[in-house]
Every structure is written in C-alpha cells, then in structure tokens.
Amino acid sequence: METALSSTRAIPVHPGLPVVGNTLSYLRDPLAFLRGLQQQYGSERMVRISVGGRLTTLMLKPEETKQVLQENNRNYGRGKSFAILREFLGNGLLTSDGDFWRRQRRLAQPAFHRQKLILLAETMISEAVAWAERLETMDRQKPVNISAATTDVTLRIVTKTLFGSDLGSRSSDLGRALSHLNHVANNAVINPFRLPKWVPTPDNRAFEKARREVDQLIFSIIETRQRTGESHDDLLDMLLRATDDETGEGMSDAQLRDEMVTLFTAGQETTATSMAWTLYLLAQHPDVLARVKAEISTTLGPRDRPSADDLRAMPFLSQVINESLRLYPPAWVMSRLSLGPDRFGEYMIDANQGVLLSPYVLHHDPATWPKPDQFNPDRFAPELMKDKSDRERHPYSFIPFGGGPRLCIGNQFALMEMQALLTVLLHRFDLQSVPGLHIKPQPLITLRPKQAVRVFLR
Ligand code: HEM
C-alpha cells in the first residue's frame with residue numbers, strides 16, 4: 001500500500017482564471033481548447049481542467065479511455081451532466097445506470113442483432129429510394145440544403161423502424177412531436193441560464209407541452225399494439241416481446257416509453273449529422289467521390305435498388321463513412337463520474353471525480369493520425385490500419401460509437417442506414433460542391449456543421 005501511494009503523482013492541472021477556471025476558454029472554442037490541451041499535455045496522458053465550477057479529468061490517450069469505458073467501466077457512472085437529458089428521456093438506456101441499466105440493455109440488445117437489423121434494412125432502403133425520388137423533383141440548378149434533407153429522411157426512417165408503418169397520420173404527428181421535444185431539450189441543455197423546470201418560463205412550458213404530446217402518442221401506440229396483438233417487424237414489437245432471461249419479466253409501459261424516446265433521440269440527429277458531414281466531404285473531394293460511385297456502380301450493376309447484402313459488400317463506402325466519423329464524431333465528448341478511486345499508472349483518480357472522454361480529441365491525435373485534419377478514407381484500408389510507428393492502431397483511437405459495455409447499441413443500425421442512403425443517392429446523382437463553401441463544426445450536444453450544408457445534386 002505504501003509503495004502504491006509513494007509512486008503516485010499529481011495529475012497536471014491546466015492553469016485558469018480565479019473562480020471561473022478554464023470555463024471561458026472552453027466556451028469560446030471547445031474544440032480548439034481540447035486540441036490545445038492534447039498538444040500541451042499529450043505526453044502526460046491526462047489533464048485536469050476546471051469548467052463550470054467543476055474539476056474534470058480529460059483523458060488524452062486511447063489506453064486510459066479504454067480503462068474508463070471498458071476495463072474498469074463499473075467504476076464510472078453517468079453523473080450530474082445527464083440530469084437534463086433524464087428529464088425528457090426518462091430512465092432509458094442512455095441515462096440510466098447500474099443494475100437497472102444492465103437489465104434494460106439485456107432486454108434491448110437482441111432487437112439490434114444483425115439478423116433483426118436485416119429486417120429493418122428493407123425499410124431503410126425503401127425510404128432511401130423515396131427520398132431520392134423527392135430530391136429528383138427539385139431544381140437541379142439550385143444547391144440543395146442537404147442538412148435539411150438528411151434530417152427529413154432520418155426522421156422518417158427512425159419513426160418507421162421504431163414504431164412501424166401502420167401508424168398512418170399518427171406517424172407524421174409522432175415524428176413532429178418527437179423532433180419538437182428534441183429541439184426544446186437541446187435548447188434546455190445548452191442554455192446556461194435555464195431556470196428549474198417547475199418555474200413556468202416559456203421554455204419550460206414548451207418542454208412540458210412537447211413531452212405531454214409525445215407521451216400521449218406513444219402510450220396510445222403501445223395500447224393499440226397490446227390490444228390487437230398484431231405482429232410487426234419493428235423495434236417497438238421487439239421490445240414489447242422482450243423478456244429477461246434471468247427473471248422472465250418484460251418492460252413496463254413507462255419503461256417502453258422511455259426506451260422508445262431514447263432510441264429516437266440518440267439515433268436521429270447523430271445519423272442526420274453524420275450524413276450531412278459525409279456528403280459535404282464527398283462534394284469537396286471529387287477523387288474520393290468518383291471511387292465511391294464506381295464501387296456502387298459495380299456492386300449494383302443494372303439495378304437501381306440495393307439489397308441488404310449489397311450494403312455490406314462495399315468496403316470503400318465503409319471507409320468513407322469511418323473517415324467522416326473520425327473527422328466529425330457526432331458524440332464529440334462523453335462524461336462520466338468516478339464511483340470509487342481508480343489508478344492509471346502513477347496517477348490516481350479519487351471517487352466522485354468528473355472524467356471527460358473525447359472521441360474528437362482521440363480522432364485528431366497526430367501520433368495516431370498523421371495530418372489529422374485531412375480527409376483520407378484510405379486510412380481505414382485494412383493494410384494501412386497502422387499508427388505513426390507502424391504499430392497496429394489502438395482500437396480506442398477510433399471510438400465514434402463509444403466503447404465497452406455502453407457501446408452505442410445502434411451502431412450497426414446507423415452504419416446500415418448511412419450505407420443505404422449514400423448508395424441510393426450517389427447512384428442517382430452527381431454531387432458537386434458549392435464554390436467557396438467551407439463549413440466549420442459547431443460542438444453542441446452533437447458536433448454539427450455550423451451552417452447548413454448545401455450541395456448541387458445533378
Ligand atoms: C452516427 C450515428 C451515431 C453515433 C455517432 C452514436 C454515438 C453514440 C455514442 C458515442 C454512445 C456512447 C455514449 C456514452 O458512452 O456516453 C452512444 C450510445 C447510445 N446510442 Fe448511439 N450513436 C449513433 C446512432 C445511434 C442510433 C441509430 C441509435 C438507435 C437506433 C442509437 C442509440 C444509442 C443508445 C440507446 C445509446 C446508449 C447505450 C447504453 O448506454 O447502453 N445511437 N451512441
């Protein structure tokens with residue numbers, strides 16, 4: 001014990017201003033701030049920063065990130081930063097912790113197995129085709145707002161794959177109500193002056209109204225399903241029928257509501273944003289675009305509509321998606337709270353400490369990713385998966401979907417959706433950039449393009 005203590009070294013602390021610490025630098029430009037820390041403290045592997053009155057340890061390397069997310073994951077909980085999300089997601093997979101989370105994850109996991117996802121692939125492909133047809137009716141001389149277009153199509157896909165296609169007019173009501181709730185919640189999360197939810201501010205009232213509307217719709221859909229007993233190939237059905245192997249119990253209606261809203265929220269904006277970034281990058285890199293289009297053409301041959309098998313048979317398309325997720329990971333930071341002490345070599349993190357993990361920082365580490373700002377999908381070619389010293393890249397140097405037991409449950413879903421949309425769109429259209437358009441990332445809850453992405457579809 002004595003040896004362990006004597007070999008402990010203090011984690012470096014980034015100097016800041018009295019009282020506010022590093023809050024202003026962080027708020028001014030979070031991405032530049034985090035990358036600056038990586039440059040300055042990378043060799044120390046972690047650094048302490050003080051943001052919003054709380055000391056947090058930022059992990060700068062894959063090994064320590066892996067320890068938090070995987071090796072010692074039971075030592076880390078969600079912490080306070082998830083409180084606002086919990087207000088509208090309830091106690092769903094994203095916001096719950098401990099044994100409750102473990103049970104929910106066990107129940108939900110089978111719905112995301114590969115074979116089950118294949119059933120959803122057909123819905124994704126049909127929606128992709130309908131999307132391309134809608135885009136075909138637009139004026140080709142004008143640039144298309146691709147951010148709005150990807151929001152629209154991902155909303156349709158997530159509503160259909162979660163709640164099925166038998167909703168009729170309730171489908172668009174539900175899509176609208178959920179995205180409204182999402183929008184209101186986004187504002188709440190980024191508003192530092194938000195008053196407690198019991199104060200009837202316009203924002204709080206809008207939030208309550210949106211939540212009531214979503215709840216009414218979801219509970220009525222669940223009730224119809226239970227009453228008719230009809231079977232559907234959608235996620236709601238899979239979750240309705242899920243029972244815990246250990247206890248034989250299923251989910252309550254309230255829990256189902258929380259999981260459905262969670263899946264919708266976690267799955268829609270992330271995928272829409274990644275799609276917009278990918279199309280932006282492709283429009284800026286005609287050489288890469290030509291290679292993807294050639295791969296799609298060879299795979300599809302004379303067919304217009306891809307099959308689920310086609311989607312998995314295009315390695316270069318997957319490389320492009322990975323490289324886009326590397327440059328612009330929608331979940332750019334993830335936070336945790338330590339439950340007990342944890343040792344990292346010479347460093348010690350005590351109980352009750354904030355820990356920040358950042359896919360964005362890891363994805364831009366020049367030690368692993370030479371010229372990290374360059375878009376180069378060949379980095380993901382199997383023979384090139386090496387770091388600067390020609391070693392295999394550490395698996396945690398690329399974590400757009402997180403890692404360990406809390407790895408994104410929808411990762412395969414999201415990749416399949418992106419593959420379907422990109423395949424159909426790029427097969428039908430030629431993509432061209434709008435001259436002079438250079439878009440910076442804006443780190444909100446997700447890492448969004450700062451302005452709408454516009455491209456020519458010809
Ligand atoms: C490009 C798209 C996506 C990205 C980049 C992404 C990223 C992530 C990340 C990084 C986490 C881990 C968060 C943490 O550990 O703190 C996560 C968790 C989660 N994601 Fe995704 N996600 C995407 C799409 C989806 C989709 C399509 C769904 C559902 C249909 C989904 C559902 C979830 C859920 C439920 C969790 C919580 C899992 C748990 O803690 O057990 N995500 N996602």
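Just so it is clear, none of the values below were taken in a lab; they were calculated from the coordinates. Bear in mind the structure is a predicted one, so any value in this text is a computation, not a measurement. All Cβ positions, glycine included, derive from the backbone under ideal geometry; neighbour counts span all protein chains shown.
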Förster radius 56 Å - calculated FRET efficiency between Thr8 and Arg428, Cβ distance, rounded to 0.05: 0.40
Pairwise label distance in nanometres, Glu71 with Glu44, each label 7 Å out on the Cα-Cβ vector: 2.1 nm
Amide H contacts of Gln442 (H built 1.01 Å from N, under 5 Å, at least 5 apart or other chain): Arg448, Lys450
DSSP-assigned coil residues among trypsin sites (Lys or Arg not before Pro) in the stretch 1-105, each with at most 12 further Cβ atoms within 10 Å: Arg9
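Decide, for the stretch 1-88, between rounded, prolate and oblate: order the square roots of the alpha carbon gyration tensor eigenvalues as a ≥ b ≥ c, take rounded if a/c falls under 1.5, and otherwise choose prolate if a/b is larger than b/c, else oblate.
Values: a/c = 1.64, a/b = 1.15, b/c = 1.42.
Taking the square roots of the gyration eigenvalues as a ≥ b ≥ c, the stretch 1-88 is oblate.
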Under 5 Å, built H, 5+ apart or other chain: amide partners of Val13: Arg48
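Helix-only estimate, please: 222 nm mean residue ellipticity of the chain, summing -39500 (n - 2.57) across DSSP H runs of length 4 or more and dividing by its residues, to the nearest 500.
About -16000 deg cm²/dmol.
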5 angstrom amide H check on Phe344, placed H, neighbours 5+ away: Ile349
Gyration tensor (alpha-carbon) shape descriptor, the stretch 19-58, a/c threshold 1.5: oblate
Paramagnetic label zone (point 7 Å from Cα along Cα-to-C-beta, Leu17; backbone N under 20 Å) in the stretch 35-58: 35-37, 48-56
Inter-label distance, nm, simple model (7 Å from Cα along the C-beta direction), Ser169/Arg212: 2.1 nm
Sparse-neighbour loop sites [trypsin sites (Lys or Arg not before Pro); the stretch 225-307; at most 16 other C-beta within 10 Å; DSSP]: Arg303
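When a/c reaches 1.5 or more, the comparison of a/b and b/c decides; with that in mind, is the chain rounded, prolate or oblate per its Cα gyration tensor?
Here the chain falls in the oblate category.
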Gained length - Arg241 relative to Arg305, 0.36 nm times residue gap less alpha-carbon distance: 19.9 nm
Paramagnetic label zone (point 7 Å from Cα along Cα-to-C-beta, Arg176; backbone N under 16 Å) in the stretch 99-137: none
